[in-house]
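We did not get these values from a lab; they are worked out from the coordinates using the rules stated. Everything quoted here is computed from the prediction, not taken from an experiment. Glycine also receives a Cβ, built like all others from the backbone with ideal geometry; neighbour counts cover every protein chain displayed.
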Amino acid sequence: MEALKAELARKRKERAGAGPGVGASANTHDANNNNNKKKRYRSRGEVERERLERERKLERSIASRKGYHQGDQGSGDQDGCHGVSGGDRHDGDHESMIALASSSGALAAEEVKRRLRLLKQPATLFGESEVGRRARLVRVERELVVEDAYAVGQQSNTFLEIQKEEEQERLRMLRREAARVEKGDLGASAKGTDVVAYKREQTEQERTMAAFKKAAERVKAERLEATMPLGEAVAHYVKRMTKEWEEDLDSKPDAYRETGEGRQSILQLRATQKAFLMLYDRIDQKTLAGDFERALGDMVASMRRRDYRAASESYVHLSIGNSPWPIGVTSVGIHDRSAREKISFSQNGQAHIMNDEGTRKILFAWKRLMTWIQAAYPAQDKSLAF
């Protein structure tokens, strides 16, 4: 026991005699190890400071050129841009956007803000520099999508457009008539030399012959349509019926055309003709869906037989299917419901067909044409009427 105490006392003396150097060296060694450990990674603040420093350096180089013109980049900027660590890879795209913005041309800060506001973007983000704002404008302009006039959700009032077109045409006719009066082209009418044509009442025989001629032309057209492909036959039938609709309105007296009902009928005809132009283009370009084309063919066949109830059923089946569902429904949940099969693509031909604005206008025009055809060619059996 005494020997153990003597050994411990000797150890204490040796440790005290060594002085603070041993502990200091140990502490220094630990500090070096800690520094080496810290150098193995960088904090987010350090990465952000380096990025801001690169942006400031780039701004100074651009400002020194006075005008943001395209030029050679300095070697200092090149070295500053290449010093990016592997953990900061997303800054590469940002740097390319900044370089593109700096070389795109001279744009004032107010002009950049104005363009961003027009593109429904915030004018300034928190902590954003001028070069960063310009780079964001370049990125937004690249990603800008120009939508079609008949894309999903874009609806317009066709009746108002037709009214504006007719008003412009009427004003052009008035200006043309006024120009003729100024030139003296109507001097002959003042002298009473114009010949006024009056319509003569048709006799019963003439009316019968005209009806037979019209029926013969209709039979000839139907035989011609029977030899055509389905799409061309549908287009020919629609053109023939819209022409008869227009002739029927032209035969109405002027007093009827000036009434509210007459004006509405004319607007409906013009809107129908305008919507069917899209149908003709799709048929000519072979872009009409096969199910849609077959459904139109079935409705044409039903209207020829004057079976308007079957035509209406085909129309409803084409537009909304066996049962209506909200537009945009593609899945009813993780558990299929009992009516899930009724809204499938295979049974309805084309699901959510009303989502397309052009198709919606074609279907509405088709319904207006069906209504007029049923009034012009009524079914003999009332059970077939709708």
Completion exercise
HN-Hα couplings for the range 204-216 via Karplus (6.51, -1.76, 1.60; θ = phi - 60°), in whole Hz with x for Gly/Pro, come out as 4, 5, 5, 5, 5, 5, 5, 5, 5, 5, 5, 5, 5
Problem - Neighbourhood net charge (12 Å Cβ-Cβ; Lys/Arg +1, Asp/Glu -1) for Tyr237 - result: +1
Exercise for the section: Starting at the first residue of the range 113-128, write each ³J(HN,Hα) from the Karplus equation 6.51 cos²θ - 1.76 cosθ + 1.60 with θ = phi - 60°, in whole Hz, x for Gly and Pro. Expected result: 5, 5, 5, 5, 5, 5, 8, 6, 10, x, 5, 9, 9, 5, x, 8
Problem - Exceeding the 23 Å Cα-Cα cut-off - candidates Lys220/Lys243; Lys214/Lys361; Lys239/Lys367 - result: Lys214/Lys361
Problem - Per-residue HN-Hα couplings for the range 309-318 [Karplus 6.51, -1.76, 1.60; θ = phi - 60°; Hz; x = Gly/Pro] - result: 5, 5, 5, 5, 5, 5, 5, 5, 5, 6
